[in-house]
Ligand SMILES: C=CC1=C(C)c2cc3[nH]c(cc4nc(cc5[nH]c(cc1n2)c(C)c5CCC(=O)O)C(CCC(=O)O)=C4C)c(C)c3C=C
Ligand SMILES: [Fe+2]
């Protein structure tokens, strides 16, 4: 049943007298799939990633090839409507991540007089390791001094308004958002289908603020696999936190009740930055300069002064303003972050340049001590900044995972 595709699920429904009964059958067997541990074993390609678990999937779970991320603004003042939305999103996400339609029998309903409840473009496609990860931004808790859903007192201190970083050129239309949805999959159509159907379900309660497609993961959580390369052509993610490194995840990624916001225990904080990369300028830069800027060799990814990719990084051996020297834990009071970014190419800018870059995504336990100081250091001193421009930004509190029968955000609303 774990490899059940949307078409198969539909087939089961059609073969039974009551179509919905077949879907319920499929769901009940899927409900036993539960991620329990702090470290996440990588789901084999082709195997659906469990939706239920102590942590939301899409953080420590193996990074898929494609991204569709969308930020939503809440358009209602009703707390009850927001809760109803989160319940409906949870149900749809639980189904879609297992390769099923957003709503049982939704794509081709028996009654043709109403719009289908699933948009249909993923019928017949496998789950493709789809994960759906949901988080709440600062404006979900309070906006312009207004306590929107009686949640102001629950806003975690770690969910800061990100400061302006040197050289930021942020577009408000690509930044912020009350709720973020990160859909990752090995098939772009499956990721797009997930976000589209959540947006459809949310019509009248939320509106899409911005969305971003990504390809070619630029970091992985599976160090045993080949390290992917970013659009500068460098291996990216070598020193990332591995998805099965329970100790590092506990220290650097998962929020704990003792951190201040009990409802966030088992959750994390998602930072997203749309970073345009001036690849045309980079492509006219010598290989030596590219390596001095990065702090690693382009060929095999070894740190400068080292031989192999996974040789120990010794920042003293690197140019002081190189990216890796400045991002390394020893330069950042031992802090690490879990990176999960993707490349993007959003057409061209009309001046003969591709609008290309890295959609940086990172998860951390406390952005105040991890991401913010690191970004300040990079924005001020990183030689790579000459080739970069940050054009979008956001920070969201990602609540813990969901048990069968529960819903995303339940700990926030019911605690
Ligand atoms: C604030 C955090 C970071 C931003 C923003 C960022 C942007 C960015 N990075 C690359 C390319 C590489 N980054 C690499 C390592 C690396 N980067 C960060 C943080 C940010 N990067 C960290 C914490 C690390 C790990 C440092 C370490 O522990 O050694 C590397 C080297 C390979 C690797 O270890 O991943 C590359 C290459 C780009 C192109 C970019 C913005 C577009
Ligand atoms: Fe980096």
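Bear in mind these aren't lab numbers, they're just calculated from the coordinates by the rules spelled out. Because the structure is predicted, anything quoted here is derived from the model rather than measured. FYI the Cβ positions are ideal-geometry reconstructions off the backbone, even for glycines, and counts take in every protein chain you see.
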Item to complete: Give me the angle, in degrees from 0 to 90, between the Cα long axis of helix 79-96 and the longest principal axis of the Cα atoms of the chain, rounded to the nearest 10.
Response: 90
Worksheet item: When N counts the residues of segment 115-155, how does its alpha-carbon radius of gyration compare numerically with 2.2 N^0.38 Å, as a ratio?
Response: 1.95
Practice prompt. Using only C-alpha positions, report the orientation-averaged shadow area of the convex hull of the chain, nm², one decimal.
Written response: 20.3
Worksheet, complete the sentence: Rg from C-alpha atoms of segment 285-331, normalised by the globular rule of thumb 2.2 N^0.38 Å, equals 1.02
Practice prompt. Could you order peptides 317-328, 162-173 by the average number of other Cβ atoms within 10 Å of their residues, highest first?
Written response: 317-328, 162-173
Worksheet entry | Helix-only CD estimate at 222 nm, as mean residue ellipticity for the chain, using -39500 (n - 2.57) per DSSP H run (n ≥ 4) | -6500 deg cm²/dmol
Fill in: Distance from segment 174-221 to segment 117-145 (C-alpha centre basis), Å
6
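Short version: what are the Cα gyration tensor semi-axes of segment 156-212, square root of 5 times each eigenvalue, largest first, in whole Å?
On the way: eigenvalues 131, 46, 29 Å².
Semi-axis lengths for segment 156-212 are 26, 15, 12 Å.
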Discussion item. With 23 Å as the cut-off, how large is the P(r) tail for segment 143-283, expressed as percent of Cα-Cα pairs?
Written reply: 55
Discussion item. Compute the helix-to-body angle for 371-381: its Cα long axis versus the longest principal axis of the chain, expressed 0 to 90° and rounded to tens.
Written reply: 40
Practice prompt. Using only Cα atoms, tell me the angle between helix 6-15 and the longest principal axis of the chain; keep it within 0 to 90° and round to the nearest 10.
Written response: 10
